[in-house]
Amino acid sequence: AQSMLYRFREAQSLELGLTKPKERRPHLASQARTLDDAEKWRRDVIREISRNVSKINDASLPETHIRDLNDEINKLLRAKNHWEDRVLELGGPDYRKIGPKMIDHQGKQVPGNRGYKYFGRAKELPGVRELFEAQTSATIKSKRNNRAELIKHADAVYFGYCDEADDGELLKYERQVTEQRMQILRSAHDAALSDDSSGESDTSENES
């Protein structure tokens, strides 16, 4: 009843010229002749997508309504892409590169269903939930297999045990430094022995 009353008052306002008739979005993006129009209709599509994404999270929605809403969201996403292409054609920014991706990221895609995404409660629909679970299991299994394969083919070089063997220059340098230090120590030791011997000789002469 309230809906009928609202439509009646809206029609009455139009007849009296109190409100302007709502402009309908063109079916094809190519029908927009100016950049302002293309930008306007792109924003209009985004607002509609946002409303539907909010609706699809409603816990009271029946399964059929959820499926219909999800289909509509995907249809609007395709329309958004068309309007963004039209904006670019008319000299506007490339929204495919710089536009926000928040809405797109809320959707989840399953393998073999390229381009189609599931939003909100549509991810929990019978048949859909199992697809996501299978995808997650396959991803985990693939990661484990890759890790096992990597460890299987890893050798001493992979773990860094042969770094010194591969770097002959480093070993050569280390030997040279070690020899130089040993030579310094020998020289210091010999000098110390010589000093001790001289001291003993002086002592003996004094005693005589």
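Read-outs: derived from the displayed coordinates by stated rules, not from any lab. Remember, predicted model here, so these are calculated numbers, not experimental data. Reconstructed Cβ throughout: ideal geometry from the backbone, glycine too, with neighbour counts over all protein chains shown.
Once you've got the Cα coordinates, tell me which of 22/123; 55/117; 40/101; 22/108; 40/123 are over 26 Å apart.
Where the Cα-Cα span goes over 26 Å, the pairs concerned are 22/123; 22/108; 40/123.
Pull out the extension gain between residue 33 and residue 89, defined as 0.36 nm times the separation in residues minus the alpha carbon to alpha carbon distance; nm, one decimal.
The span from residue 33 to residue 89 would gain 19.1 nm if fully extended.
Under a point spin-label approximation (7 Å from Cα along Cα-to-Cβ), what is the residue 179-residue 129 distance to one decimal in nm?
Taking the two extended label points, one gets 7.6 nm.
Once you place label points 7 Å from the Cα toward the Cβ at residue 40 and residue 194, how far apart are they in nm?
Result for the modelled spin labels: 10.2 nm.
Between residue 64 and residue 116, what's the calculated FRET efficiency when r is the beta-carbon distance and R0 is 22 Å? Round to 0.05.
0.80
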